[in-house]
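Asks: Provided herewith is a single structure, encoded as structure tokens, for subsequent inquiry.
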Amino acid sequence: MSDQKSDVQMEDIVSLCKRRGFIYQGSEIYGGLSGTWDYGPLGVQLKRNIMNLWWKMFVDEREDMFGVDAAILMNQKVWQASGHVDTFTDPLVECSNCKARFREDQIDTSKCPACGKTETFSEARQFNMMFKTNVGPVDNESSVSYLRPETAQGIFTNFKNVVDSFYPDLPFGIAQQGKAFRNEISPRDFVFRSREFEQMEIEYFIHPDQWEEEFTKWVALVHEWCKQLGLPEHFVHELEVPEEDRAHYSKRTIDFEFDYPIGRKELLGLAYRTDFDLKNIERVSGKSMDYRPKDGSDPFVPHVIEPSFGVERALMAVLVSAYTEDEINGEKRSYLKLPTHLAPVKVAVSPLLKNKPELVNKAREVYAVLKKEFGNVMWDDNGNIGKRYRRQDEIGTPYCVVIDFDTLNDNTVTIRNRDTTGQKRIILDELVSELS
Ligand code: ATP
């Protein structure tokens with residue numbers, strides 16, 4: 001594990017991602033579309049592994065969590081009630097000389113970063129970051145909808161449905177993963193600030209008297225999540241957001257920050273949002289959001305603790321943490337020291353020589369068995385064996401299995417370990433259990 005963030009340059013990560021099929025620029029063939037990214041075969045697998053790990057940890061392994069998958073397009077009243085239509089804005093400034101636009105808090109406004117002229121910026125205006133669209137063939141005010149800027153509202157609007165279907169005891173949570181869209185003024189820093197990204201959010205409904213103890217539990221859970229991602233503890237920091245910087249409905253917010261090569265930045269957020277959202281839904285929909293305790297005590301609108309995770313920022317932190325350089329026999333090597341449960345390819349299978357049919361056939365047999373057992377197994381017979389190892393190291397494959405002439409005689413294969421580069425021979429019959 002690299003111990004200093006200065007070890008890893010953003011360019012190393014970006015070029016590895018492109019070269020090896022993790023992440024490509026969106027619409028690259030037409031010159032790109034700013035703030036959008038396409039995931040290649042390895043990127044989509046890594047992203048899925050992260051999302052599945054989250055679902056397993058926060059939904060599957062818990063009794064008190066319910067998953068939902070709400071529509072991305074929602075009735076515009078959702079965004080009126082939540083305050084997004086009026087206040088989901090960033091301060092926009094425009095250079096009067098070159099017309100370039102920036103987010104005011106991201107630049108030094110005394111000099112335009114695009115044309116270099118000084119004192120060209122006017123007063124900031126508030127720019128709403130929601131992507132607006134129309135639902136159906138009629139283009140008028142009542143057909144307006146938005147691509148959701150957060151997944152959370154799809155949870156709040158289903159609170160009553162889940163309570164009516166399952167009648168869970170408090171506290172309980174509703175979890176959702178999915179795309180979110182924000183028309184960021186200046187998307188930047190690779191996938192860190194994109195216009196289309198993926199969130200994993202939980203609204204954890206509680207009795208207001210319990211908010212402090214529940215909040216503390218979530219702080220610990222967030223740290224456990226970071227550990228499962230393989231992020232070094234000393235790269236993860238809690239930023240207690242001061243009252244003046246918090247959203248007006250939040251009584252406490254902690255931003256969990258990570259030491260990215262671009263600096264210490266928000267990885268995810270944890271907020272106590274009180275009953276702000278459910279109360280807004282009551283106000284605008286006219287429907288009661290009361291929860292009726294089973295012991296017959298008075299109904300009340302639950303409060304929420306909201307851990308809000310961004311997939312891209314997690315993925316970037318995983319790559320930064322895993323990116324390692326060392327020297328093997330005097331040769332420089334860079335590789336991804338990914339935790340095995342996140343690696344997009346678990347095992348690569350190779351015949352030592354690809355022009356020997358007896359080796360290829362045997363290797364194909366082994367490949368078929370492992371593929372069935374582990375799924376993410378790659379067939380790799382490109383280039384010589386040294387090149388294959390290098391390539392597999394670079395994409396973070398923990399193990400390579402090689403079939404050689406000895407295999408044909410004694411039914412043993414070589415397993416090579418990514419991190420130590422050490423190799424050992426084991427009997428084919430024990431291969432699956434050894435890799436497990
Ligand atoms: P920032 O201050 O960096 O713009 P935010 O405070 O607006 O982020 P939240 O609204 O709290 O972010 O969103 C929750 C999470 O969603 C963030 O912690 C982050 O992981 C992710 N996220 C938000 N905006 C983006 C984006 N433009 N690109 C990628 N991930 C994002």
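Conditions (1) modelled with pLDDT under 95; (2) more than 16 Å from the ligand (Cβ to nearest atom), marked per residue:
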| position | (1), (2) |
| --- | --- |
| L73 | no, yes |
| E104 | yes, no |
| R125 | yes, yes |
| E141 | yes, yes |
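Asks: Return the residue satisfying two criteria in turn: it lies in segment 343-357 and is touching a helix residue (DSSP H, G or I) at 6+ places or on another chain (Cβ under 7 Å), in a loop (DSSP other than H, G, I, E, B) and more than 19 Å from G21 (Cβ to Cβ), and of such residues it is most open to solvent (accessible area, probe 1.4 Å).
Replies: Within segment 343-357, the subset touching a helix residue (DSSP H, G or I) at 6+ places or on another chain (Cβ under 7 Å) is 344-354.
Keeping just the survivors that are in a loop (DSSP other than H, G, I, E, B) gives 344-346, 352-354.
Subsequent filtering for residues that are more than 19 Å from G21 (Cβ to Cβ) retains 352-354.
Details: L352: 61, L353: 69, K354: 115 Å².
Across segment 343-357, the extreme among qualifying residues is K354.
Asks: Also, quick follow-up: Which one of the conditions (1) within 14 Å of Y272 (Cα to Cα); (2) near the ligand (Cβ under 10 Å from one of its atoms); (3) open to solvent by less than 10 Å² (accessible area, probe 1.4 Å) does I202 fail to meet, given that it meets all the rest?
Replies: (2)
Asks: Scan segment 141-155 residue by residue and report those that are without any contact (Cβ under 8 Å) to a residue 12 or more places away in the chain and either open to solvent by less than 50 Å² (accessible area, probe 1.4 Å) or in contact with a strand residue (DSSP E or B) (Cβ under 8 Å, 6 or more places away or on another chain) (or both).
Replies: Hit for segment 141-155 is S143, nothing else.
Asks: Using the structure shown, decide if D12 is of a type in the set (D, E, K, R) and crowded, with 16+ Cβ neighbours inside 10 Å.
Replies: Yes, satisfied.
Asks: Would you confirm, using the coordinates I've provided, whether R283 is within 16 Å of the ligand (Cβ to nearest atom) and open to solvent by 40 Å² or more (accessible area, probe 1.4 Å)?
Replies: Details: within 16 Å of the ligand (Cβ to nearest atom): no; open to solvent by 40 Å² or more (accessible area, probe 1.4 Å): yes.
In short, no.
Asks: Against the definition (assigned by TED's automatic domain parsing to the domain that holds R313, more than 18 Å from the chain's Cα centre (by Cα) and surrounded by 17 or more Cβ atoms within 10 Å (Cβ to Cβ)), how does A81 come out, yes or no?
Replies: no
Asks: Taking segment 105-123, which residues are under 31 Å from the mean Cα position of the chain (by Cα) and either of a type in the set (K, R) or not in a loop (DSSP other than H, G, I, E, B) (or both)?
Replies: Answer for segment 105-123, where residues must be under 31 Å from the mean Cα position of the chain (by Cα) and either of a type in the set (K, R) or not in a loop (DSSP other than H, G, I, E, B) (or both): D105, Q106.
Asks: Could you say which residue among S297, S250 is polar (S, T, N, Q) and surrounded by fewer than 15 Cβ atoms within 10 Å (Cβ to Cβ)? So that I can check it myself, show each step before the final result.
Replies: Numbers: S250 fails: surrounded by fewer than 15 Cβ atoms within 10 Å (Cβ to Cβ).
Going through S297, S250 in turn, just one is polar (S, T, N, Q) and surrounded by fewer than 15 Cβ atoms within 10 Å (Cβ to Cβ): S297.
Asks: Does E196 satisfy being assigned by TED's automatic domain parsing to the domain that holds G263, within 13 Å of the ligand (Cβ to nearest atom) and open to solvent by 50 Å² or more (accessible area, probe 1.4 Å)?
Replies: For E196, the condition - assigned by TED's automatic domain parsing to the domain that holds G263, within 13 Å of the ligand (Cβ to nearest atom) and open to solvent by 50 Å² or more (accessible area, probe 1.4 Å) - is met.
Asks: Tell me yes or no: at least one residue of segment 41-60 is without any contact (Cβ under 8 Å) to a residue 40 or more places away in the chain and either outside the structural domain of K227 (by TED's automatic domain parsing) or not in a helix (DSSP H, G or I) (or both).
Replies: Checking segment 41-60: not a single residue is without any contact (Cβ under 8 Å) to a residue 40 or more places away in the chain and either outside the structural domain of K227 (by TED's automatic domain parsing) or not in a helix (DSSP H, G or I) (or both).
Asks: Which residue, of A314, A322, is within 30 Å of F172 (Cβ to Cβ), open to solvent by less than 10 Å² (accessible area, probe 1.4 Å), in contact (Cβ under 8 Å) with a residue 12 or more places away in the chain and small (G, A, S)?
Replies: A314
Asks: Let me ask you something else. Which pairs have Cβ atoms under 7 Å, sit 6 or more apart or on different chains, and link a residue in segment 344-364 that is in contact (Cβ under 8 Å) with a residue 60 or more places away in the chain to one that is part of a helix (DSSP H, G or I) and among the hydrophobic types (A, V, I, L, M, F, W, C)?
Replies: These pairs meet every condition: P344/L42; P344/L46; P344/I395; V345/I395; K346/F374; V347/L370; V347/F374; V347/L435.
Asks: Still on this structure, I have one more. It is to be established whether one or more residues within segment 363-383 are of a type in the set (V, I, T) and at pLDDT below 95. Write out each step before concluding.
Replies: In the first step, residues of segment 363-383 are kept if they are of a type in the set (V, I, T); the result is 366, 369, 377.
Within this subset, residues satisfying the condition of being at pLDDT below 95 are none.
No: segment 363-383 contains no residue that is of a type in the set (V, I, T) and at pLDDT below 95.
Asks: Can we say G67 is at pLDDT 95 or above, small (G, A, S) and assigned to a loop (DSSP other than H, G, I, E, B)? Walk me through it before giving the result.
Replies: On the way: at pLDDT 95 or above: yes; small (G, A, S): yes; assigned to a loop (DSSP other than H, G, I, E, B): no.
Here the answer is no, as G67 does not meet what is asked.
Asks: If you take just the strands (runs of 3 or more DSSP E) that sit entirely in segment 245-342, which of them hold at least 1 residues that are under 20 Å from M200 (Cα atoms)?
Replies: The qualifying strands (runs of 3 or more DSSP E) are 252-260, 263-274, 303-310.
Asks: Please count how many residues of segment 231-245 are open to solvent by 20 Å² or more (accessible area, probe 1.4 Å), more than 11 Å from the ligand (Cβ to nearest atom) and out of contact with any Phe, Trp or Tyr (no Cβ under 9 Å at 6 or more places or on another chain).
Replies: 6
Asks: Can you tell me which residue among Y249, Y260, Y291 is at pLDDT below 95 and either of a type in the set (S, T, Y) or within 13 Å of the ligand (Cβ to nearest atom) (or both)?
Replies: Working: Y260 fails: at pLDDT below 95; Y291 fails: at pLDDT below 95.
Answer to the check: Y249.
Asks: OK, next. Could you check segment 343-394 and list, in sequence order, the residues that are under 30 Å from I13 (Cβ atoms) and charged (D, E, K, R)?
Replies: Within segment 343-394, K346, K371, D380, D381, K387, R388, R390, R391, D393, E394 meet the criteria.
The values are calculated or read from the model by the stated rules, or taken from the named source; none is laboratory data. Treat the numbers as computed from the prediction; the structure is a model and nothing was measured. In this analysis, Cβ positions are derived from the backbone assuming ideal geometry, glycine residues included, and neighbour counts consider all displayed protein chains. The area values use the complete protein model at the heavy-atom level, side chains included, leaving out ligands, DNA and RNA. Shrake-Rupley method; radii C 1.70, N 1.55, O 1.52, S 1.80 Å.
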